[in-house]
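Enquirer: Sharing a structure below in structure tokens format, with a few things to ask.
The values are calculated or read from the model by the stated rules, or taken from the named source; none is laboratory data. Source: prediction; values computed, not measured. Cβ atoms come from the backbone with ideal geometry, glycine included; neighbour counts cover every protein chain shown. Remember, those area values only see protein heavy atoms, side chains included, never the ligands or the DNA or RNA. Shrake-Rupley method; radii C 1.70, N 1.55, O 1.52, S 1.80 Å.
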Amino acid sequence: MNPTAVIRGLVVASALVLTTACEHPIAVVTPHLEAADVILRTPDGVEIARTIDNRRWSGAGPALGVGDGVPLEVRFLDFQGRVLDLGGRSDLQVRLEFEDPSAGVWEPLSRGGRLFAFAAGPQRLRVLVRHLDHVDLVTPWLGVEVAPPSATFSHPESP
Amino acid sequence: MKNRVPRALRRATTLLAVAATAVLSACGESVTEPTVDGLVIADIVLETADGEIIYSHIDHWHGFAIVDRGSALDVTVHFVPRSTHPDDHDVASRDQWFTLRDHPEYGLDVVIEDPALATWAGDRVSGRLTGSQSGTTRTSFVVRRGGTTIFEAPPLNTVVR
């Protein structure tokens, strides 16, 4: 094969790669959350519920009353049961969501968040983790019983 | 033949260097963000008449709307041009807030999912949320210019007690 032709081919191929790379910049890739299980706990470390193989929940879940903001932290475990450190992962958004979106809301904070319920009675909620434009983890639904409103039901204080 | 390959290699290297320089220079200028002529809105801040602040932050809200049945909540609608960092959940500083008062070409649509529970009446700057029936619903805030949606906040949980 003619070496000059080979080199010309390489030049064309390289130029093509460079041009393509320019039109489609290489995205910064961050790893998925490789979590096997989830723990819900209070800020002082009391575990209130955890998933078992992310197929079912163990524990009663948070005690919710209408309008009360319940502070919670969410921890993630790998398949060996070790706690995963998500420190500094602003590409991961941890959310709790109610099956009925108007039944309550999760307010994320720098550490954990607050869970507000608005409708008394049986409700279901779950944890999910958004990674950029997709979801990395979704737990099963966790059934909770929401108590009627207290007399002090009002606007939450700002975080 | 022995001399042609190194010479061709030199030429190829030069060509590649020129091509790479040209392409990378062009790339450096063109992180292709669409340019939008007009307002840039990232988040919304609701300020009630008694000074309560409820604000959106990217995909969620801090706070929620509460109104008593048969009562009304007067709200001024502010916007901010840039969201704070995803892990920074404080409200944007007030000097970044703006309303649509000076932007008559923009309109604010406020839609309550269950209008039997509450109603909204207002203009592009402020409005009144009136509770009709106890319950919970969600409220959407959408900014439009003509037929184009400029901004849509995540649905705001709204409680009528």
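Enquirer: Condition test on A:L84, is it over 16 Å from B:R138 (Cβ atoms), hydrophobic (A, V, I, L, M, F, W, C) and open to solvent by less than 30 Å² (accessible area, probe 1.4 Å)?
Expert: Details: over 16 Å from B:R138 (Cβ atoms): yes; hydrophobic (A, V, I, L, M, F, W, C): yes; open to solvent by less than 30 Å² (accessible area, probe 1.4 Å): no.
So A:L84 does not fit the description; no.
Enquirer: Can you go through B:L108, B:L73, B:L129 and tell me which one is open to solvent by less than 40 Å² (accessible area, probe 1.4 Å), within 12 Å of chain A (Cβ to nearest Cβ) and modelled with pLDDT of 95 or more?
Expert: Details: B:L108 fails: within 12 Å of chain A (Cβ to nearest Cβ); B:L129 fails: within 12 Å of chain A (Cβ to nearest Cβ).
Just a single option satisfies the conditions, and that option is B:L73.
Enquirer: Follow-up question, since we're still on this one. Under the condition of being more than 9 Å from chain B (Cβ to nearest Cβ) and out of contact with any Gly (no Cβ under 8 Å at 6 or more places or on another chain), which residue from segment A:93-112 is surrounded by the fewest Cβ atoms within 10 Å (Cβ to Cβ)?
Expert: Step one: filter segment A:93-112 for residues more than 9 Å from chain B (Cβ to nearest Cβ), giving A:94, A:96-99, A:111-112.
Among the residues that remain, those that are also out of contact with any Gly (no Cβ under 8 Å at 6 or more places or on another chain) are: A:97, A:99, A:111-112.
Details: A:E97: 17, A:E99: 13, A:R111: 10, A:G112: 20.
Top of the filtered list is A:R111.
Enquirer: Among the residues in segment B:78-94, are any open to solvent by less than 30 Å² (accessible area, probe 1.4 Å), at pLDDT 95 or above and in contact with a Gly (Cβ under 8 Å, 6 or more places away or on another chain)? Can you show your working first?
Expert: Going through segment B:78-94, the residues open to solvent by less than 30 Å² (accessible area, probe 1.4 Å) turn out to be B:78-80, B:89, B:92.
Checking the rest, the ones that are also at pLDDT 95 or above come to B:78-80.
So of that shortlist, the ones also in contact with a Gly (Cβ under 8 Å, 6 or more places away or on another chain) come out as none.
Looking through segment B:78-94, none of the residues is open to solvent by less than 30 Å² (accessible area, probe 1.4 Å), at pLDDT 95 or above and in contact with a Gly (Cβ under 8 Å, 6 or more places away or on another chain).
Enquirer: Residues that are farther than 28 Å from B:T136 by Cα and of a type outside the set (D, E): find the strands (runs of 3 or more DSSP E) completely inside segment A:27-127 holding 2 or more of those.
Expert: Result: A:37-41, A:47-52, A:56-58, A:69-77.
Enquirer: Can you tell me how many residues within segment A:32-47 are in contact with a strand residue (DSSP E or B) (Cβ under 9 Å, 6 or more places away or on another chain) and surrounded by fewer than 16 Cβ atoms within 10 Å (Cβ to Cβ)? Explain how you work it out, then say what you get.
Expert: In the first step, residues of segment A:32-47 are kept if they are in contact with a strand residue (DSSP E or B) (Cβ under 9 Å, 6 or more places away or on another chain); the result is A:32-43, A:45, A:47.
Filter once more, keeping what is surrounded by fewer than 16 Cβ atoms within 10 Å (Cβ to Cβ): A:32, A:34, A:42-43, A:45, A:47.
So the answer is 6.
Enquirer: For A:F76, indicate whether it is surrounded by 15 or more Cβ atoms within 10 Å (Cβ to Cβ), closer than 22 Å to B:H89 by Cβ, within 14 Å of another protein chain (Cβ to nearest Cβ) and of a type in the set (A, V, I, L, M, F, W, C).
Expert: Details: surrounded by 15 or more Cβ atoms within 10 Å (Cβ to Cβ): yes; closer than 22 Å to B:H89 by Cβ: yes; within 14 Å of another protein chain (Cβ to nearest Cβ): no; of a type in the set (A, V, I, L, M, F, W, C): yes.
Here the answer is no, as A:F76 does not meet what is asked.
Enquirer: Within segment A:120-134, can one find any residue that is within 11 Å of another protein chain (Cβ to nearest Cβ), closer than 30 Å to B:L73 by Cα, out of contact with any helix residue (DSSP H, G or I) (no Cβ under 6 Å at 6 or more places or on another chain) and modelled with pLDDT under 90?
Expert: No - not one qualifying residue is present in segment A:120-134.
Enquirer: Is it the case that A:V146 is touching a residue at least 40 places away in the same chain (Cβ under 8 Å), under 27 Å from A:V28 (Cα atoms) and open to solvent by less than 40 Å² (accessible area, probe 1.4 Å)? Quick ask: steps written out before the conclusion?
Expert: Numbers: touching a residue at least 40 places away in the same chain (Cβ under 8 Å): yes; under 27 Å from A:V28 (Cα atoms): no; open to solvent by less than 40 Å² (accessible area, probe 1.4 Å): yes.
Criteria not met by A:V146.
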